[in-house]
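Asker: Let me give you the structure first, and then I'll get to my questions.
The values are calculated or read from the model by the stated rules, or taken from the named source; none is laboratory data. Bear in mind that the values here come from a model prediction, so they are computed numbers and not experimental data. Don't worry about glycine lacking a Cβ; one is built from the backbone with ideal geometry, like all the others, and counts go over all protein chains shown. Heavy atoms of the whole protein, side chains included, go into the accessibility calculation; ligands, DNA and RNA do not. Shrake-Rupley method; radii C 1.70, N 1.55, O 1.52, S 1.80 Å.
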Amino acid sequence: MVATTILRSVLLAVLAVLAWLPMVVLCVSKIEGSKGATAPAPAVVVGNPSVHLQLEAGKPVNSALFGIGDDWTVGVGDWHNTTTLDAVRALRTGITRFPGGACSNYWNLSSSNVVDDCKHADCKNSSRWCWVKKLVDNSPRGTFDVTTFLSGVASACTIKQPVIDLNLLHFDGDTAPMLVDRVLAAPGGQSIVRWEMGNEYYLPSDWPPPQSYSCSPVSQPAGYASRVLPLVKHIRKIANTSSKIAIMADMDELLDSATSSAAPKRGVWNDGIISTGLAAAADAVTLHDYALNEGKLKSINQTFWRTAVAAWSDAHVQIIASQVPKMFGADKKVWMTEFGIVAPAITSSSFFTAINHGGVKAMYVLGRSLGAVAHSELFDNVQYYSVGGQGWGQQAGMLRWGNTSESAGRLQNDAVAQVFAHVADVATRRNTHMHTVSQSGDDVPRIPVAVSGRQGLPCLQVAGFSNSTGGSTAADLAIINRCLDTISVTFGAADKAVAAAPAGGFVARSWTIYPSGQGTPAGFVDIPHSTASFPWPGPLHAQSGTRDVDREGSHSMNDAFVVPSLSTVVVHLTQA
């Protein structure tokens, strides 16, 4: 028995060695991981699924596709707080909204405070907004006004003009215009161009956390229209001529419509904003997407749950791109001013608790922005909820203030922030153009399960970025591999995709890999003192590498680059 066991072990070892013989090695470079280890660069293994990635013609980068929101009026300290501004800048926040999410429905932009009767601010007659009012009342004058926000948090974003969300729960067609006037009167207010008509008035009365609007006329499309339509006229008359206006649409109803193979199956709310003329009067629809929870994964083999979460945002972007033009008109834009995973979905599930601040969650968040790049003709802005310092968003936030005796007062980041900030930096700070990226090959690998009803999604989700106006022969790609297989990729560019694009295609010159499969780190670490260089040191053990062009400058099959399973990769390409 012992001899047999030894013989079996020897045979397995020999087979393991033989399995490495057919490798085509890309190169040997220094790979800088969390401990600066030196190791072989990614290698192409014969038999790996392979894909050719091709950059298509580019458009100017829209930084608003990399936005992050929060309930800013439920904050700690003021909006010029150094730590808060450092957090917004570190994340490369493209755009945000003001006053925020649910807090917008209880905020008076004119008085820069919670509405006067804080005890009856919502339809459940709770006093949960009174502590915010007390905070504001006890703060120096002007701490929470529009001017302070514009010169503070908003100025730390790439786009300095936030989405303004107007309170139509407490202000009607006669009184709401004064909210607009107050914003426009603030220094910099005249540059505001995005106006959002309220926040989630369609929610059912039992929605958790308790947000009930059923006592107000705005909970029905007709009542909502009676307040919005006069306000639309006022904004068109007095605000910046480039101003755009978004009305609320119901994402859950939109998802339901995707199950119909015939005409879109509209729900009560979405049908109502069409029949009342709201959709025709607006430039865009606002969608908030919190549909993901463990119940939505039950029909999928648990082996692929991480894959499904990583691909969820991409699936929903495709559903939106299919349904919105048919439902609301081809000229309507989409403002996704909130998306994420609600706190109860996280705390009630050991699976979602485990992935909440890890690399798979980063894929879910980043996948929304990359999907919007692929459908940039439709999406105007995309904002994940949340930064993390405010309200219940702390459960889903990318950042937090240290909560142990060793870390108290220090800003900390999770894996979502670590990956998102890197890609947002590449997309909006280092490049001027964004590109859809097509995939081709004999058998492009695809996800083996349906994700939110979408069959056959490719394993890879990719977006490209370049400085095409400068005659560049270089580009950057953000690649998410949602599958359990490693995938070999080669790179090229369509005509006019990148000015002076090399006829021979591109080669990976440098890269950072964020491994995100089961067992990879999650949680929070202290944010680096300098957030200007990437990758940040944690919590994911990122691996960065470079390659040198050979002396002749020629390349062949070894141009292929391997994208590891369940990973996000940022790769810099240069002329082959």
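Asker: What translational D, rounded to a whole number of µm²/s, comes out for segment 279-409 from Stokes-Einstein when the hydrodynamic radius is the Kirkwood one over Cα pairs, at 10 °C and 1.306 mPa s?
Answerer: 99
Asker: Scan around Thr546 for amide H atoms under 5 Å from its own, H built in the peptide plane at 1.01 Å from N, and keep only partners 5 or more places away or cross-chain.
Answerer: The answer is Lys30.
Asker: Under a crude label model (7 Å from the Cα following the beta-carbon direction), how far is Gln302 from Ser127 in nanometres?
Answerer: With each label point 7 Å from Cα toward Cβ, the separation is 4.6 nm.
Asker: I'd like the FRET efficiency for Asp443 and Glu56, computed as 1/(1 + (r/R0)^6) with the beta carbon distance as r and R0 of 30 Å, rounded to 0.05.
Answerer: After rounding to 0.05, the efficiency reads 0.90.
Asker: Quick one: how many Å² of Cys103 are accessible to a 1.4 Å probe, rounded to 10?
Answerer: 0
Asker: Note down the accessible area of Ile341, probe 1.4 Å, to the nearest 10 Å².
Answerer: Only protein atoms counted, so the area is about 0 Å².
Asker: Here is a follow-up. Taking amide hydrogens as modeled 1.01 Å from N in the peptide plane, which residues meet the under 5 Å criterion relative to Leu573, leaving out close sequence neighbours?
Answerer: HN-HN under 5 Å from Leu573: Ala475, Asp476, Leu477, Arg509.
Asker: Going by accessible area, probe 1.4 Å, with all protein chains left in place, what is the ranking of His170, His357, His120, largest first?
Answerer: His120, His170, His357
Asker: Taking θ as phi - 60°, what are the ³J(HN,Hα) couplings along segment 420-435 by the Karplus curve (6.51, -1.76, 1.60), each to the nearest whole Hz, with x for Gly and Pro?
Answerer: 4, 4, 5, 5, 4, 5, 4, 6, 10, 10, 9, 9, 10, 10, 10, 9
Asker: Diagonalise the Cα gyration tensor of segment 98-203 and give the resulting equivalent ellipsoid semi-axes, square root of 5 times each eigenvalue, largest first, whole Å.
Answerer: Each semi-axis is the square root of five times an eigenvalue, giving 22, 17, 12 Å.
Asker: Follow-up question, since we're still on this one. Between Gln190 and Ser350, 0.36 nm times their residue separation minus their Cα-Cα distance comes to what?
Answerer: 52.9 nm
Asker: Enumerate the lysines that Lys244 could reach by cross-link, defined here as Cα to Cα under 26 Å, with residues fewer than 8 away along the same chain left out.
Answerer: Answer for Lys244, where 26 Å is the Cα cut-off: Lys59, Lys160, Lys233, Lys326, Lys332, Lys333, listed by chain and number.
Asker: Another one. If segment 137-194 were replaced by its equivalent ellipsoid, with semi-axes equal to the square roots of 5 times the Cα gyration tensor eigenvalues, what would those be, largest first, whole Å?
Answerer: Working from the Cα gyration tensor, I get semi-axes of 20, 16, 10 Å.
Asker: Enumerate the calculated ³J(HN,Hα) couplings along segment 138-144 in order (Karplus 6.51 cos²θ - 1.76 cosθ + 1.60, θ = phi - 60°), each rounded to whole Hz, writing x wherever the residue is Gly or Pro.
Answerer: 8, 9, x, 4, x, 4, 10
Asker: Could you grab the relative contact order for segment 252-376? Cα pairs under 8 Å, six or more apart, rounded to a whole percent. Mind dumping the intermediate values first?
Answerer: On the way: 124 pairs, mean separation 41.8, N = 125.
Over segment 252-376, the number comes to 33 percent.
Asker: Quick one: which residues, 5 or more positions from Cys483 or on another chain, have an amide H under 5 Å from its amide H? H modelled 1.01 Å from N in the peptide plane, none for Pro or chain starts.
Answerer: The list, which skips near neighbours in sequence, is Leu566.
Asker: Using 0.36 nm times the number of residues separating Asp526 and Ser322, minus their current alpha carbon distance, what extension gain do you get?
Answerer: 69.3 nm
Asker: Hey, what do the phi angles of segment 293-306 turn into as Karplus ³J(HN,Hα) couplings, whole Hz, using 6.51/-1.76/1.60 and θ = phi - 60°, x for Gly and Pro?
Answerer: With the stated coefficients, segment 293-306 comes to 7, 4, x, 6, 9, 4, 7, 9, 4, 4, 4, 10, 4, 5 Hz.
Asker: Further question on the same structure: Can you sort Phe304, Phe351, Phe506 by 1.4 Å-probe accessible area, starting with the largest?
Answerer: In descending accessible area the options line up as Phe304, Phe351, Phe506.
Asker: Suppose a student asked you for the relative contact order of segment 164-256, using Cα pairs under 8 Å spaced at least 6 residues apart; what percent would you report? Show your work: numbers first, answer last.
Answerer: On the way: 113 pairs, mean separation 34.6, N = 93.
Relative contact order of segment 164-256: 37 percent.
Asker: Can you compute the modelled spin-label distance between Ser243 and Ala222, with each label point 7 Å from Cα toward Cβ, in nm?
Answerer: It is 2.8 nm.
Asker: Using a 7 Å offset from the Cα along the Cα-to-Cβ direction at both Ala291 and Lys134, what is the distance between the two label points in nm, to one decimal?
Answerer: 4.1
Asker: Could you order Tyr202, Tyr514 by accessible surface area, starting with the largest, using a probe radius of 1.4 Å?
Answerer: Largest accessible area first, the list is Tyr202, Tyr514.
Asker: Enter the accessible area of Arg429 (Å², nearest 10), with the probe set to 1.4 Å and all protein chains included.
Answerer: It works out to around 110 Å².
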